Amino acid sequence: MKISEIVNRLNLKVVAGADGLGAEVTGGYVSDLLSDVIGHAAEGNIWITLQTHQNIVAVASLKELSAIIVVKGSSPAADTIRKSNEENIPLLSTGLDTFRIAGELYNLLLK
Amino acid sequence: MQYRYKIAGGDFSNAGAVASSVKKTLRQLNIDHRLSKRIVIALYEGEVNVVAHAYSGIIDIDIDHERIKIRITDKGPGIVDIAKAMEEGYSTASTQVREMGFGAGMGLSNMKKNSDSMQITSEPGIGTVVELTTYLNGNEG
């Protein structure tokens with residue numbers, strides 16, 4: 001499934017990195033610890049996190065993740081938005097908390 | 001081929017820039033993708049350690065046809081108990097660093113898991129040297 005379809009189905013807001021919306025999603029990963037994501041997320045995963053600082057884009061880019069979803073309606077920092085546009089890694093936002101958005105993504109991708 | 005990068009302690013805005021640059025180099029050299037991912041993970045963690053803990057650091061990369069050597073030399077507080085620092089979950093990172101999602105105590109173990117050999121020498125109050133070697137033919141890993 002493409003990121004763009006997930007955006008539509010889960011009613012996500014595209015904060016930045018819209019050029020990357022055509023990427024295919026291989027699954028999801030949930031963590032707020034950057035070393036955990038660096039060590040264990042897989043290429044093409046969508047990453048759900050409450051972190052909003054610019055290092056999340058560096059991590060996503062190094063791991064070739066397909067997109068980042070920030071939870072609970074938080075607004076990513078300006079630097080994060082800039083990096084997301086530079087790296088073409090979509091930065092998506094949801095009003096839901098981690099548990100609910102992860103559940104919805106799971107139903108969409110794996111059920 | 002040899003490359004040298006300088007890192008400023010505390011500069012989180014550029015954390016990962018060296019790993020990103022080396023990743024591009026490895027791609028240009030047609031290094032196996034799976035191997036390249038391991039190298040980049042180990043390097044990223046080493047780079048973040050300098051940013052999070054040290055005052056300044058230098059990363060030297062030396063690549064030949066059979067292996068890549070990464071040497072990370074920093075000026076900083078050093079590591080008093082290296083065995084303890086290697087334990088997953090142990091960290092001396094500040095609260096501020098932890099709130100950013102760093103300092104989970106996984107950095108050194110991620111580096112060890114993602115390299116073929118790792119050597120740490122450290123002098124408290126002076127700094128730390130971490131050397132990582134990964135073989136490029138994929139047999140030694």
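The values are calculated or read from the model by the stated rules, or taken from the named source; none is laboratory data. Note that the coordinates shown come from a computational prediction; the quantities given were computed from them, not determined experimentally. Here the Cβ is made from the backbone with ideal geometry for all residues, glycine too, and neighbour counts use every protein chain on show. Please note that ligands, DNA and RNA were not included when accessible areas were found on the heavy atoms of the full protein model with its side chains. Shrake-Rupley method; radii C 1.70, N 1.55, O 1.52, S 1.80 Å.
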So how exposed is A:D32, as accessible area in Å² (1.4 Å probe, rounded to 10)?
50
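Under a 1.4 angstrom probe, counting protein chains only, how are B:H53, A:H53 ranked by accessible area, largest first?
B:H53, A:H53
Using the beta-carbon distance between B:N137 and A:F99 and R0 = 45 Å, what value does 1/(1 + (r/R0)^6) give for FRET efficiency, to the nearest 0.05? Please list the in-between numbers first.
Values: r = 45 Å, r/R0 = 0.99.
That pair, B:N137 with A:F99, gives E of 0.50.
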Would you mind working out the magnitude of the charge dipole of region B:23-141 relative to its Cα centre, with +1 at each Lys and Arg C-beta and -1 at each Asp and Glu C-beta, to the nearest 20 Debye?
380
Relative contact order of region A:3-110, defined on C-alpha pairs under 8 angstrom at six or more residues apart (%):
33
Ordering A:L62, A:L96 by how much accessible area each has at a 1.4 Å probe, largest first, what is the list?
A:L96, A:L62
What angle do you read, to the nearest 10 degrees and between 0 and 90, between the alpha-carbon axis of helix B:17-28 and the longest principal axis of chain B?
10
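Just add up the charged neighbours of A:I48: K/R +1, D/E -1, any other residue whose Cβ is under 12 Å from the Cβ of A:I48. Intermediate values should be presented prior to the final figure.
Details: positive: A:K72, A:R100; negative: A:D32, A:D97, A:E104.
Value of the local net charge: -1.
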In Å², what does the accessible area per residue of the protein assembly as shown work out to with a 1.4 Å probe?
48
Under a point-charge model restricted to the Cβ atoms of Lys and Arg (+1) and Asp and Glu (-1), what is the dipole moment magnitude of chain A relative to its Cα centre, in debye to the nearest 20?
300
Stokes-Einstein diffusion coefficient of region B:27-123, Kirkwood radius over Cα pairs, 20 °C, 1.002 mPa s, in µm²/s:
150
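Please report the carbon-and-sulfur percent of the accessible area for chain B; probe 1.4 Å, protein heavy atoms only, DNA, RNA and ligands left out. Don't jump to the answer; show the numbers that get you there.
On the way: 3440 of 7200 Å².
The nonpolar share, carbon plus sulfur, comes to 48 percent.
Taking Cα pairs under 8 Å and at least six residues apart, what relative contact order does chain B come out at, in percent? Each step should come with its number before you reach the end.
Details: 274 pairs, mean separation 37.8, N = 141.
It comes to 27 percent, rounded to a whole number.
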Along the positive direction of the dipole of region B:2-135 (beta-carbon charges: Lys, Arg +1; Asp, Glu -1; about the Cα centre), which of B:Y3, B:V51, B:M86 reaches farthest?
B:Y3
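Once every DSSP H run of n ≥ 4 in chain B is given -39500 (n - 2.57) and the sum is divided by its residues, what mean residue ellipticity at 222 nm do you get, rounded to the nearest 500 deg cm²/dmol?
Values: 5 runs with 50 residues, N = 141.
Rounded to the nearest 500, the figure is -10500 deg cm²/dmol.
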Quote the accessible area belonging to B:E88 in square angstrom, nearest 10, computed with a 1.4 Å probe and with ligands, DNA and RNA left uncounted.
110
Between the helical axis of B:33-53 and the dominant principal axis of chain B, each derived from Cα atoms, what acute angle in degrees is found, rounded to the nearest 10?
20
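If the limit is 31 Å between Cα atoms, which of A:K72/B:K112; A:K63/B:K75; A:K72/B:K84; B:K37/B:K75; A:K13/B:K112 go over it? Numbers along the way, then the final one.
Working: A:K72/B:K112 35 Å; A:K63/B:K75 28 Å; A:K72/B:K84 36 Å; B:K37/B:K75 27 Å; A:K13/B:K112 38 Å.
From the list (A:K72/B:K112; A:K63/B:K75; A:K72/B:K84; B:K37/B:K75; A:K13/B:K112), the Cα-Cα distance tops 31 Å for A:K72/B:K112; A:K72/B:K84; A:K13/B:K112.
Would you list A:E86, B:E66, B:E45 from the most to the least accessible area, probe 1.4 Å? Spell out each step's value before the answer.
On the way: A:E86 115, B:E66 95, B:E45 5 Å².
These residues rank, largest area first, as A:E86, B:E66, B:E45.
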